[in-house]
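Read the figures in this text as sums done on the coordinates, not as results from a lab. Please read these numbers as outputs of a predicted model, since none were measured by experiment. Neighbour counts are summed over all protein chains in view; Cβ atoms, including those assigned to glycine, are modelled from backbone coordinates with ideal geometry.
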Amino acid sequence: MPTDTAIPELDAAIAQQAIAQLADHPPLIHCITNTVVQNFTANLLLAAGAIPAMIIDPSECQEFAPIADGLLVNVGTLHHEHCPTYYHAAENANRFAKPWVLDPVAVGGLTLRTEFCRKLLSLNPSVIRGNASEISVLAGETTGGRGPETQLSADQALDAARKLAKTIEGIVVVTGEVDLITDGERTLKVSGGSVLATRVTGAGCALSALCAAFASLTGDRLSNVASACWMLSRAAEFAARQAAGPGTFALHLLDGLAQQREAK
Amino acid sequence: MPTDTAIPELDAAIAQQAIAQLADHPPLIHCITNTVVQNFTANLLLAAGAIPAMIIDPSECQEFAPIADGLLVNVGTLHHEHCPTYYHAAENANRFAKPWVLDPVAVGGLTLRTEFCRKLLSLNPSVIRGNASEISVLAGETTGGRGPETQLSADQALDAARKLAKTIEGIVVVTGEVDLITDGERTLKVSGGSVLATRVTGAGCALSALCAAFASLTGDRLSNVASACWMLSRAAEFAARQAAGPGTFALHLLDGLAQQREAK
Amino acid sequence: MPTDTAIPELDAAIAQQAIAQLADHPPLIHCITNTVVQNFTANLLLAAGAIPAMIIDPSECQEFAPIADGLLVNVGTLHHEHCPTYYHAAENANRFAKPWVLDPVAVGGLTLRTEFCRKLLSLNPSVIRGNASEISVLAGETTGGRGPETQLSADQALDAARKLAKTIEGIVVVTGEVDLITDGERTLKVSGGSVLATRVTGAGCALSALCAAFASLTGDRLSNVASACWMLSRAAEFAARQAAGPGTFALHLLDGLAQQREAK
């Protein structure tokens, strides 16, 4: 595997520094996200040391842009009537120089979200977090699968990720067995985690929110965003040791995040 | 109790075969369901071995019909503006010969959902899953209670269930202390489970989604749908042994499903 | 601290009596609440001994007013299109003499919800439950912070709470390290609980729903509403002893509520 040899693993000390910075100055993250995962996303942000705010009214979203430290736009349960609100929220994040993350859930398989996510690319998301299939679709390399599940390995999607990162002049995170974080030039990887995370709905969606929190920190954004992946991977390993299945895993995952925050 | 003596219990070996089939070929289930239980429903499907997809935009619902293996329509948080989307999703499931399940939450007590569910009957749902009160209302035998709680035993609702199953030329599942699964001619029962399941919101709603997953399998649909009840009942018994109350029960329930899937 | 000495702690025997009354006659609580916490709110009500109903369609809300025993209006994910439905639900609760609770999530920081909550004050909510910042804003004493987090102690908000309670001729609950429950004349406090409750999204929102359930009981409403706080505080202490972090805490919290209900 070329990925494993050529790409450096994120240094643990750097990740722990980012986690400490987050704990010291909890960022307020505006999450515009799908209704399936709102609760888990909010709990995951709180556990990790950030403050979630789920606001959906167009005028409130506009008011909140200068207040929030970062924004997540997740298209999981997109409705065509929501598109303008999502779009303007991203525009406003740019206006106030707040980082914003795009989570292109199941892009490729469905027209509305695929066209809308392509349109959002023109607003240059600070970070895009997706699985290999979603990243490949956005990079224009494949047309996607039949659902939210991925068909490609993160490794296969690395070229697509680099290309996409250059297009948006931002960071692309491809999550999978190994997470790859790239700005098109530099690439970091985060190994480990647990396969159980794939059996919990919204683990990826919530990671995207965490990427928004870490993207709001000062310092090297590539390392900071990779630190979000690192924190979740360590929590997943902790949870896998405690859990008897995906149900208990999800809760221990939150505990594992909180313990890292407290240990900082 | 005539039910207990006259109606055969689903054979464990048949249920395990259905669970194995699900694990080998995870069906993709489109869930149009209420916002209270979306997360639990998605996690329950994942734990059991199916793949959830919550899609709400009308055009995406239409595109997804030929892709999905089954559909759930749950009216728990119905809004009159949603009715056309729900209706067309059921129509499209029929068009593409995909099984679809109706969960008529709290039907009887509230006019909008009662009239809408009656209208959906004309689209011949493959499966209707409800409690005794809901099934009786849909069969035209009572006018329902004051809320989502049931007033009748599953046994009392058996006649109503048989009548309703014949009307829709499908399967009716009445859940309660004993679950009854009937196509109007043949009836199976699934005993066991745990009373704690009644203290977890969405356990019934999530079972309806699981019924959609099992209805998509090949073989005898009556046994397959009964296997969904069987899988959840076994998981509930596992969870009741682990749990100290309804909170921990809900998570162990998911673990209990995953363990059956893995043991297949 | 003047609060600690001057204000009487709610008597445990009184709280246990209210809990027993709830268990004997489970009230049906209509929750119009934000999409982030609907699931947790429903599970918390069930665990405590009440019956949740999340209904959102305007016509169904109207029909449900005489059926429900109490109503919660929570503006966490308010959308301007929802305001009339929320408003009419509160009006109808008044018409049928059902208690209703206002949870003014993050009021002050955002215009739509702030103006809407001020308008709702004219409908005289039976109970308002908020943190110190939210209560101060509604009392007209501050303009609020940047998000849902509070900047004031409950103690500092006591004067505001008393003033607000007199304005609405109802009860105001200020939650924090110590919970204060006042009708403007009499004030009770509930101490204890766990700081972990602040790391679980929706703990406050769900308490507001529980306040609606307890407000529907017969007897002294001030003591009854304080009993909701007492029940949650005891459950939080139980959960803190079991939990390894905020994830497992949330589930043990539900177990802790159920154990009190069963012990009645």
Under the convention of a label 7 Å out along Cα→Cβ, give the distances in nm from C:Ala6 to the same position in every other copy, shortest first.
7.2, 7.2
Calculated label separations, C:Ala97, copies of the chain, 7 Å along the beta-carbon direction, nm:
6.1, 6.1
Can you give the translational diffusion coefficient of the stretch B:170-264 in µm²/s, computed by Stokes-Einstein from the Kirkwood radius over Cα pairs at 10 °C and 1.306 mPa s?
118 µm²/s
Under a no-solvent Debye model with one identical scatterer per Cα of chain A, what's log10 I(q)/I(0) at q = 0.11, 0.13 Å⁻¹?
-0.51, -0.74
I'd like the distance separating the alpha-carbon centroids of the stretch A:179-194 and the stretch C:182-215, in whole Å.
43 Å
Count neighbours as other Cβ atoms within 10 Å of each site's Cβ, and list the chymotrypsin sites (Phe, Trp or Tyr not before Pro) in the stretch A:83-114 that are DSSP loop with at most 16 such neighbours.
A:Phe96
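Per residue of A:20-31, count partner chain C-beta atoms within 10 Å of its C-beta, then hand back the mean as an integer. Before the final figure, lay out each step's value.
On the way: counts 0, 0, 0, 0, 0, 0, 1, 0, 4, 1, 1, 1.
If you average over the peptide's residues, the count of other-chain Cβ atoms is 1.
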For all pairs of alpha-carbon atoms in the stretch B:107-248, what percent lies in each bin of width 10 Å, listed from the first bin to the last filled one?
13, 43, 34, 10, 0
Residue among A:Gly204, A:Ala226, A:Phe238 farthest towards the positive dipole end of chain A, charges placed on Cβ:
A:Gly204
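Applying a 10 Å radius around every beta-carbon, put A:103-112, A:189-198 in order of their mean neighbour count, most first.
Working: A:103-112: 23.9, A:189-198: 18.8.
Highest to lowest by the protection proxy: A:103-112, A:189-198.
In whole percent, what relative contact order does the stretch C:106-264 give with Cα contacts below 8 Å and a gap of six or more residues?
17 percent
Give me the Kirkwood hydrodynamic radius of the stretch C:1-127 in Å, from all C-alpha pairs, to one decimal place?
Numbers: mean 1/r = 0.0631 Å⁻¹.
After inverting the mean inverse Cα-Cα distance, the result is 15.8 Å.
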Using the alpha-carbon centroid of each, what span in Å lies between the stretch C:1-54 and the stretch C:122-138?
17 Å
So, in nm and shortest first, the distances from B:Lys166 to its counterparts in the other copies, with label points 7 Å along Cα→Cβ, work out as 7.0, 7.0
Which chain B residue sits with its beta carbon nearest the axis carrying B onto A, and how many Å away is it, rounded to a whole number?
B:Thr35, 3
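Hey, got the average number of other protein chain Cβ atoms within 10 angstrom for residues in A:40-46? Let's see the in-between values first.
Values: counts 7, 2, 6, 9, 3, 1, 5.
The per-residue average across the peptide is 5.
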Direction-averaged shadow area of the convex hull around the Cα atoms of the protein assembly as shown, nm²?
29.8 nm²
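Please work out the FRET efficiency for the pair C:Asp220 and A:Glu141, using the Cβ-Cβ distance as r and a Förster radius of 60 Å; give the result to the nearest 0.05. Provide the component values of the computation, followed by the final result.
On the way: r = 68 Å, r/R0 = 1.13.
In this case the efficiency is close to 0.30.
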Set of lysines near C:Lys163 by C-alpha distance (under 21 Å), chain-local residues within fewer than 8 positions excluded:
C:Lys119, C:Lys189
